[in-house]
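Asks: Take a look at the following structure, please.
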Amino acid sequence: MITAPRLEIAVLVLGMIILMLEAFAPKIDKKVFAFIGIAGLAAVLIGTFFLTPSAPTDQATGFWSFYTADPLSIFFKRFSLLTTILVLVMMIDYAPVVRASDGTASSSLGEFFALPVLTCAGLMYTVSAIDFVSIFVSIELVTVSFFVLVSFTRRNPATLEAGVKYLILGALSTAFLVYGITWIFGVTGETNLQRITAAFANPNIDKNAALFGAVLVLVGLGFKIAAVPFQIWVPDVYQGAPTPVTAYLSVGSKAVGFVVLLRVLRPFMMLPKMERLLVLIALLTVLYGNLAALPQNNLKRLLAYSSIAHAGYLLIGVACINGPAVTFYLVAYLLMTLLSFAVLIIVAQQTGEEISDFDGLAKRSPFLAFAMLIAMVSLAGVPFTAGFFGKFFIFYAAIDQHQTALVVVGVITVACGFYYYLKVIRAMYWQPSARIDNIPVSGLSRLAMTALIVAIIWLGIYPTPILDALKR
Amino acid sequence: MCFVGKQLFNLVHFPLMLLFLVLCPIVAAILILAGAPARLTALLAAGANLLVAVLAFSFFEWWEHGFQFVSSFLVSADWRIHFALGLDGLSLVLVLLAVIVTLAAVWFTGKIDNYEQAFYACLLFISSGALGAFASLDLFFFYAFHELALIPTFLLIGIWGTGNRSAAAWKITIYLTLGSFIVLIGLILLYQSVPVASRSFDIRALQEAAVTHQIAPEAQRNIYLLLLLGFGILVSLFPFHTWAPEAYASAPAPAAMLHAGVIKKFGLYGLLRLAIPLLPEGAHYWAHLLVVLLLGNIIYIGLVTIAQKRLDWMLGYSSVMHMGYIFLGIASGNILGTTGAAGLMFAHGLSIALLFAIAGEVRSRTGTLAFDDLGGLAKVMPFAGLAFGFAAFAAIGLPGFANFAAEIMIFFGAFQNGWDMSRFHIFQVATALALWGVVISAVYMLRAYRKTFMGTMAERWTNIVDLRPALRVPITLLIGVLIWYGFFPNTFVRIISPAFRNYLTATK
């Protein structure tokens, strides 16, 4: 049996090993590092099924007052590991682009494969954090690795712009987060979420000051999850960053943001006006994401806006305090987003990232077109795909809480979503293509995509495994 | 059925045959996509399904109460979602409609130039969606199966459509998405309107709850309005009908047959299956609104149909118009009217499929469906002309065809609602107006027949050939069933009407 923190240590050591190998064995083909990373993370993923149960969190002391190994965190550790493995698979496909942009040799590819592993350790730590101190440290671990990853192909001006924007706004959000934590600490004298909850039971604390702190924390986390009005950086950064990093950013970083949000909000939902504020943010986010996605012609940018839209649906779940609905949606979002990015990476190297570059894909590669079709219909929310169950649970939660405005706006924006996701399907299936040569797909990518397609349909019919995993 | 037959029936274990019915088209579609010969596989799957449905029809014990051939698989214990299949008279008739039209649609598929496999796969997916929706006893799968048809329809119109196909494909998809998500909200509200202990997505459990008056009247009104709006969009209830004519005019003939004939009946089936038994208070409360809207379908759309200058648009509008009659039957709120509505769903599905099939054949030969270009085609296509004549007469509602047998029940049923010897109620006024719809449909159908098949023929059509003998099989099948229902309506009526017996009275 293993205790939970050893998983993060194992991942960290794995990342170090890859970096060391790169430094001391320059002759090895860089792709080997990616395979080492995938194999190592897969081993850790298996390890998560042999954890010893942790002590209950309410009387925890010492290290365990900063760190929990509850079902939610274990679940999202697996989630982070799976995401990182899939991102590494995509990075192997993307390696030629990095090599080309580097100009000289393939010297930096080793870091390109090592950094996601280190980021993964950060993601896994973040989902276990139950104290503002550990939340802050782990989120920064994630963000700092992303600063490097986003601007990795730095000779490309768009990437550089993305890197600078992400750096500045990331720093700004960190500042908000710290300031908020300070206010909350000032009011309650605690940083541990459990004890903050207990402190709020005291009628003498200053509710307004606590609310101010909570709003600042919300602003800080709003940057991470791309909620309106803190979404301005998203389209440019997503479009400019190397595509696997965009995928990683939009799944990994967003998922842990939501886990932290769920944990942090639990005590603060007792505060007045907090719920109304969340409902407002959720409304704005679904509206902005979906409406702004309508006119997009660049697929990567479209996916950026779609990720804002999905953040909106997730926020509906958060505003209704429905953890299982949010979790299921995140899992569905992981599967379908990574699938669409995986196809995008392969097609973009052949033609480009515009939607028109997908014209006639069904003729050139029926497999890729079918994978994209499944990803798009799942993102749109067609039944028998995981995306539909995600929306179903979210809408159920909203109706259960009598959030009429959220339901009405949600339904209208879902219809918007069909328009822009089906645009991609139209390009693939009924626009003529200028080229007819086949697109090669490597065996590993084909395997990963097939697994994702099967998972999307399987969860679309039988969602029980995810719902059960949270209960244990 | 005889004793030996009964034993045979037990041997094959009928519950699994419903599963076969729903999954057979999906499996066939996957096989086709994997490389099996497209047309042959599709025909075999559709034929096998017809066989199973006919078996189900002949072994159905209409004198028994409740759902038959039931099979159930647990999907989520927390949410009480089951993958449950079963048939009562109402769904049995619609399943029969679905398999007949599927076979005809597959049979009528001509040569497809690109992505032939995908075309057949899309048709089969639509068929499976319809069958699954009609056979599901669980609200979740009832809803989900209908949506299975959405993307194939989008692709069918978009890839293989004619005219302004892109716009038509978007319009139908966005409209139907909006409608079905409104339905979804209504269904979730319905689920939550029942006390926590008896919450379930199972239609049987919900009916149980409704019989014991567990759904509050206030909730019933709200949910009924949502369902009427959502299902109304799916069925092209006036004024949410604009997607339908455009989509059917652009769609390839087999897609229009399946969609107008079968999938569009889903919304009506939903109202009959959910609104009538579960929300009687809501149905009563909003009956007047529904009556006004359905008169929009019958009178306004009827007049619009007369004004059409192309055969495909005219057929599209006519299918919108005929929905008005079915809504009238649903609004009547008595067994006579609702049974008539269910019967007309069956009859209309067959007749509109036949009309679209022949229109598609005409288009494939002439390349146009504008009335001004056509005329006199019966000279070169006598069999097509005959079949179109039959279908047109059926659609108008001439005695001897299924449509007449069903429409007359609707008119009697609606007239009886709120009937007071001293004065006319809104229902009597509506029925009187709706009867004029028969005249309207006679005008446009006969006009279409005259302009297409009668009169002088243009020189350039002299080389056109009639339908291949093979295509006469599905036509004969469709006409045969229409006439069979027309002459022996009781074979169908006796199995449909028990579905409403627990919830409605014979007259009011």
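The values are calculated or read from the model by the stated rules, or taken from the named source; none is laboratory data. Since the structure is predicted, the reported quantities are computational estimates derived from the model, not experimental observations. Here the Cβ is made from the backbone with ideal geometry for all residues, glycine too, and neighbour counts use every protein chain on show.
Asks: Can B:I203 be described as modelled with pLDDT under 90 and within 20 Å of A:I425 (Cβ to Cβ)?
Replies: The answer is no for B:I203.
Asks: Same structure again: Only one of B:Y175, B:Y224 is hydroxyl-bearing (S, T, Y), closer than 26 Å to A:G410 by Cβ and more than 10 Å from chain A (Cβ to nearest Cβ). Can you tell me which?
Replies: Just one listed residue meets the conditions, B:Y224.
Asks: Quick test for you: out of B:S236, B:S180, pick the one residue that is within 14 Å of chain A (Cβ to nearest Cβ), in contact (Cβ under 8 Å) with a residue 40 or more places away in the chain and crowded, with 24+ Cβ neighbours inside 10 Å.
Replies: Working: B:S236 fails: within 14 Å of chain A (Cβ to nearest Cβ).
Testing whether each residue is within 14 Å of chain A (Cβ to nearest Cβ), in contact (Cβ under 8 Å) with a residue 40 or more places away in the chain and crowded, with 24+ Cβ neighbours inside 10 Å leaves just B:S180.
Asks: Tell me whether the stretch A:197-209 contains one or more residues that are buried (at least 22 other Cβ atoms within 10 Å of the Cβ) and part of a helix (DSSP H, G or I).
Replies: no
Asks: Related question: Among A:V259, A:V279, A:V264, which is of a type in the set (V, I, T), part of a helix (DSSP H, G or I), touching a residue at least 60 places away in the same chain (Cβ under 8 Å) and surrounded by fewer than 22 Cβ atoms within 10 Å (Cβ to Cβ)?
Replies: When all the criteria are applied, what remains is A:V279.
Residue-by-condition table, conditions (1) closer than 30 Å to B:L289 by Cβ; (2) basic (K, R); (3) touching a residue at least 40 places away in the same chain (Cβ under 8 Å):
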position: B:E361; (1), (2), (3): no, no, yes
position: B:T368; (1), (2), (3): no, no, no
position: B:G397; (1), (2), (3): yes, no, yes
position: B:I408; (1), (2), (3): yes, no, yes
position: B:H425; (1), (2), (3): yes, no, no
position: B:A432; (1), (2), (3): yes, no, no
position: B:W436; (1), (2), (3): yes, no, yes
position: B:M445; (1), (2), (3): yes, no, yes
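Asks: Which of the residues belonging to the stretch B:194-221 are of a type outside the set (A, V, I, L, M, F, W, C) and either more than 22 Å from B:F500 (Cα to Cα) or assigned to a loop (DSSP other than H, G, I, E, B) (or both)?
Replies: Residues satisfying the conditions are B:P195, B:S198, B:R199, B:S200, B:T212, B:H213, B:Q214, B:E218.
So that you can scan it fast, the table gives a plain yes or no per residue for (1) acidic (D, E); (2) closer than 30 Å to B:A331 by Cα:
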residue: B:Q416; (1), (2): no, yes
residue: B:V439; (1), (2): no, yes
residue: B:E459; (1), (2): yes, no
residue: B:L467; (1), (2): no, no
residue: B:L471; (1), (2): no, no
residue: B:T491; (1), (2): no, yes
residue: B:R494; (1), (2): no, yes
residue: B:A499; (1), (2): no, yes
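To keep it simple, each residue is scored yes or no on (1) in a helix (DSSP H, G or I); (2) closer than 30 Å to B:P382 by Cβ; (3) within 19 Å of the chain's Cα centre (by Cα).
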| position | (1), (2), (3) |
| --- | --- |
| B:L446 | yes, yes, no |
| B:T452 | yes, yes, no |
| B:M457 | no, yes, no |
| B:R460 | yes, yes, no |
| B:L467 | no, yes, no |
| B:G480 | yes, yes, yes |
| B:I483 | yes, yes, yes |
| B:R494 | yes, no, no |
| B:Y503 | no, no, no |
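Asks: Can you say whether A:V424 is buried (at least 24 other Cβ atoms within 10 Å of the Cβ), in contact with a Phe, Trp or Tyr (Cβ under 8 Å, 6 or more places away or on another chain), within 19 Å of B:I159 (Cβ to Cβ) and away from chain B (no Cβ under 11 Å), as far as the supplied structure shows?
Replies: yes
Asks: Shifting gears a bit: Answer yes or no: is there a residue in the stretch A:149-158 that is among the polar types (S, T, N, Q) and in a helix (DSSP H, G or I).
Replies: Checked the stretch A:149-158: no residue is among the polar types (S, T, N, Q) and in a helix (DSSP H, G or I).
Asks: If you take the residues in the stretch A:393-420 that are within 15 Å of A:V326 (Cα to Cα) and under 20 Å from the mean Cα position of the chain (by Cα), which one is nearest to the other protein chains (Cβ to nearest Cβ)?
Replies: A:F393
Asks: Within the stretch B:463-473, can one find any residue that is at pLDDT 90 or above, crowded, with 17+ Cβ neighbours inside 10 Å, touching a helix residue (DSSP H, G or I) at 6+ places or on another chain (Cβ under 7 Å) and not polar (S, T, N, Q)?
Replies: no
Asks: Of all residues in the stretch A:430-443, which are among the hydrophobic types (A, V, I, L, M, F, W, C), in contact (Cβ under 8 Å) with a residue 40 or more places away in the chain and surrounded by 15 or more Cβ atoms within 10 Å (Cβ to Cβ)?
Replies: A:I439, A:V441
Asks: Which of (1) facing another protein chain (nearest Cβ under 9 Å); (2) touching a Lys or Arg at 6+ places or on another chain (Cβ under 8 Å); (3) farther than 22 Å from A:H310 by Cα is the odd one out, the single condition A:Y429 does not satisfy?
Replies: A:Y429 satisfies all of (1) facing another protein chain (nearest Cβ under 9 Å); (2) touching a Lys or Arg at 6+ places or on another chain (Cβ under 8 Å); (3) farther than 22 Å from A:H310 by Cα except (2).
Asks: Another question, then. Considering only the stretch B:183-199, state which residues are of a type in the set (S, T, Y) and either closer than 17 Å to B:E147 by Cβ or more than 14 Å from every other protein chain (Cβ to nearest Cβ) (or both).
Replies: B:S198
Asks: Give all pairs with beta carbons closer than 7 Å in which a residue from the stretch A:183-211 that is among the basic types (K, R) meets a residue that is buried (at least 16 other Cβ atoms within 10 Å of the Cβ) and assigned to a loop (DSSP other than H, G, I, E, B); count only pairs at least 6 apart in sequence or on separate chains.
Replies: A:K207/A:L271
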